[in-house]
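Report on one structure; see the data block that follows.
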């Protein structure tokens, strides 16, 4: 398993993925600082708001594409067959792949924090919570990307579905709020059915809208309830999707 992690880190360096994505993250930090300096008032807040949103999006998209492309390449080059020929069970192979990709994501999350520091002067406690929740978000999306790529075995399809899952997870809080507001105005079977569907989706999808909230960088943490929710979802979802991937992967003959 340690060999798999080391191999994936070497792949990231060989393809210059880390260098390229690091450049994008640091560039986002510099552009955010420029935008903040151009603002008339609240220059630091403007820079941090733009930086927090930009580096978060760049990081997640980069991690999803990295996972999808390299697992797809492992299938095409028959590296997956070589990996499965080693004295490791398939769940161990999947765990090794996840840990290797997450190690890359962890390095990139550190660069994302550095980009925010370049952009402005965040509240220390808020930056700590923002960075920790960003690590949790990348852990969830790494697991989701590994699952979809192993199950679908199509690079483009897996990447698109993973990103669609991310968009849904970012919007699920808004959907719950809209459903609750609509039910306050509309009564009947149709309204309760829509609310039930949204609630069912929210149970299966993580609340990524609660992760890496930009206002933490400006005003600091807002409450312990959100922190416990983030911790619980980070602990639950990666093992859950990896278990699902192991179940599907075990049934396949490569």
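Residue 71 - would you say it is modelled with pLDDT under 90, under 15 Å from residue 238 (Cβ atoms), in contact with a helix residue (DSSP H, G or I) (Cβ under 8 Å, 6 or more places away or on another chain) and crowded, with 19+ Cβ neighbours inside 10 Å? Answer is no for this residue.
Taking the criterion of being at pLDDT 75 or above, in a helix (DSSP H, G or I) and surrounded by fewer than 14 Cβ atoms within 10 Å (Cβ to Cβ), the residues of the range 1-19 that qualify are 6, 10, 13, 14, 19. Filtering the range 226-238 to residues that are modelled with pLDDT of 90 or more and either in contact with a helix residue (DSSP H, G or I) (Cβ under 8 Å, 6 or more places away or on another chain) or farther than 22 Å from residue 150 by Cα (or both) leaves 230, 231, 232, 233, 234, 237, 238. Scan the range 202-225 for residues that are assigned to a helix (DSSP H, G or I) and either surrounded by fewer than 15 Cβ atoms within 10 Å (Cβ to Cβ) or at pLDDT 85 or above (or both) and the total you get is 12.
Scanning the range 146-168 for residues that are modelled with pLDDT of 90 or more and outside any helix (DSSP H, G or I) yields nothing. Restricted to the range 169-193, and to residues there that are more than 12 Å from the chain's Cα centre (by Cα) and crowded, with 16+ Cβ neighbours inside 10 Å, the residue that is modelled with the highest pLDDT is 172. Candidates 108, 97, 59: the one that is crowded, with 23+ Cβ neighbours inside 10 Å, at pLDDT below 90, touching a helix residue (DSSP H, G or I) at 6+ places or on another chain (Cβ under 9 Å) and within 19 Å of residue 162 (Cα to Cα) is 97.
Annotation note: Cβ proximity below 7 Å between a residue of the range 112-138 that is surrounded by fewer than 19 Cβ atoms within 10 Å (Cβ to Cβ) and a residue that is modelled with pLDDT under 95 and outside any helix (DSSP H, G or I) (sequence gap 6+ or interchain) occurs for 123/220; 125/220; 125/221. Residues in the range 20-56 that are within 30 Å of residue 77 (Cα to Cα) and crowded, with 20+ Cβ neighbours inside 10 Å: 21 only.
The values are calculated or read from the model by the stated rules, or taken from the named source; none is laboratory data. Just so it is clear, the model here is predicted, and its values are computed rather than measured. Positions of Cβ are generated from backbone atoms using ideal geometry, with glycine treated the same way; all protein chains shown enter the neighbour counts.
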